[in-house]
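The values are calculated or read from the model by the stated rules, or taken from the named source; none is laboratory data. Source: prediction; values computed, not measured. Here Cβ is always computed from backbone atoms with ideal geometry, including for glycine, and neighbour counts include all displayed protein chains. Quick note on the areas: whole protein, heavy atoms, side chains included, nothing else; ligands and nucleic acids left out. Shrake-Rupley method; radii C 1.70, N 1.55, O 1.52, S 1.80 Å.
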Amino acid sequence: MTENTLHDVAIVGGGAAGLSAAVTLARSLRDVVVIDAGEPRNAPAEGVHNLLGRESIAPFELVALGRAEAEGYGARMLSDSVAAVRRDGENFALTLAGGAELRARRILMATGLHDELPDVPGIAELWGTHVLHCPYCHGWEVKGQRIGVLGTSPMSMHQVILFRQLSEHITLFTHTMPELSDDDWDTLAALDVEVVSGRVREVRAENGELAAVVLDDGHEFAIEALTVAPRFVARSDVYEQLGGTLSDNPMGSFVESDFAGKTAVDGVWAAGNVSDLGAAVAASAAQGSMAGGAINADLAFSDAQAAVAARKAA
Ligand SMILES: Cc1cc2nc3c(=O)[nH]c(=O)nc-3n(C[C@H](O)[C@H](O)[C@H](O)COP(=O)(O)OP(=O)(O)OC[C@H]3O[C@@H](n4cnc5c(N)ncnc54)[C@H](O)[C@@H]3O)c2cc1C
């Protein structure tokens, strides 16, 4: 299928960021198409927390509500993924995995990020339910439990301190962490945190629940939740196909943008986790809304300039 319509904006990714942008743009009477592969980052979680007015809503229910709100203002939703994108004169041409082709004047990247989990058997299966990363997303749900922290980087000490706020029963598994400093040992002792040295071989589940952390030497430690620090990697294929490059920070790699989401690639904006690795749902939605406004303004000013030029030429 080939579509000749030139959309004002193609939004790649329909999570909190993309859908908020779609609402803002569609309310400005823009012709918006959202292409979404349907895999929001928080899909494994039971509910979305810290979201004012929608506390604990199921992730896919939030997406369904956002889609309906954007469609209510005229945005178009495509359940597909963008496989390729290229410049087409002043515009962009997108090819979807399902074969459709689209054209758009501007692109918003709202593709989110991929959580690169530590390579320990059992972790991927329990990710988002019993293996966690964020005290604000899941901390309340595991308060008072026996919580393990898998040590993989200096950031693991942050998790120890933040989860200790929520439970007296914290065990740090040093695993692949750099050697602990004297300050770290002082902190661990003062907070009464158990420290277990050695590499973790496996995280064992029983009946879908986290049962134990198993060390290389076979020792088992019964815990109820495990926190890990994934490396956050922006889903950036589309951006890179247009010549964009990723930047790095200690949390991972991301698409750099200004406060309103404008990237180094002309005509391309970014919002949500693809450009802000630490953004939760509310922040991602806010960034989407901001980027939507900025794209609308960019189009409006560019149309005004073209109108002036056409009037002068007449
Ligand atoms: C387990 C877990 C639990 C979490 N719990 C919470 C919580 O309780 N509260 C909270 O505030 N935050 C939570 N978060 C963080 C939250 O998931 C993110 O902040 C939020 O999803 C970011 O929104 P986004 O729109 O940037 O990306 P996403 O929600 O990940 O949406 C990106 C969308 O883009 C699509 N996509 C990617 N590439 C393409 C492509 N090429 N073509 C088309 N579509 C594409 C994806 O399929 C996806 O649907 C949690 C994260 C995890 C991992």
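Of the residues LEU19, LEU25, LEU65, LEU6, the single one that is more than 10 Å from the ligand (Cβ to nearest atom), open to solvent by less than 20 Å² (accessible area, probe 1.4 Å), modelled with pLDDT of 95 or more and assigned by TED's automatic domain parsing to the domain that holds ALA279 is LEU25. The set of residues in region 68-82 that are out of contact with any Gly (no Cβ under 9 Å at 6 or more places or on another chain) and either under 13 Å from GLN241 (Cα atoms) or loosely packed, with under 13 Cβ neighbours inside 10 Å (or both) comprises ALA68, GLY72. Taking the conditions (1) farther than 17 Å from VAL142 by Cα; (2) open to solvent by less than 20 Å² (accessible area, probe 1.4 Å); (3) part of a loop (DSSP other than H, G, I, E, B) in turn, GLY243 satisfies each one other than (2). Residue count for region 42-53, restricted to those that are touching an Asp or Glu at 6+ places or on another chain (Cβ under 9 Å) and either of a type in the set (Phe, Trp, Tyr) or surrounded by 14 or more Cβ atoms within 10 Å (Cβ to Cβ) (or both): 3. Against the test of being more than 11 Å from the ligand (Cβ to nearest atom), touching a residue at least 60 places away in the same chain (Cβ under 8 Å) and assigned to a strand (DSSP E or B), the options VAL85, VAL149 yield a single qualifying residue, VAL149. Based on this model, can you work out whether VAL193 counts as among the aliphatic types (A, V, I, L, M), surrounded by fewer than 19 Cβ atoms within 10 Å (Cβ to Cβ), under 14 Å from GLY148 (Cα atoms) and without any contact (Cβ under 8 Å) to a residue 60 or more places away in the chain? Answer is no for this residue. Pairs meeting the criteria (first residue in region 16-41 and among the acidic types (Asp, Glu), second residue at pLDDT below 95, beta carbons under 8 Å, at least 6 apart or on different chains) are ASP31/THR5. (1) of a type outside the set (A, V, I, L, M); (2) within 9 Å of the ligand (Cβ to nearest atom); (3) surrounded by 16 or more Cβ atoms within 10 Å (Cβ to Cβ): which one isn't true of GLU39, the others all being true? The number of the failed condition is (3). Which one is surrounded by the fewest Cβ atoms within 10 Å (Cβ to Cβ) among residues in region 99-113 that are within 11 Å of the ligand (Cβ to nearest atom) and assigned to a loop (DSSP other than H, G, I, E, B)? Per the stated criteria, the residue is GLY112.
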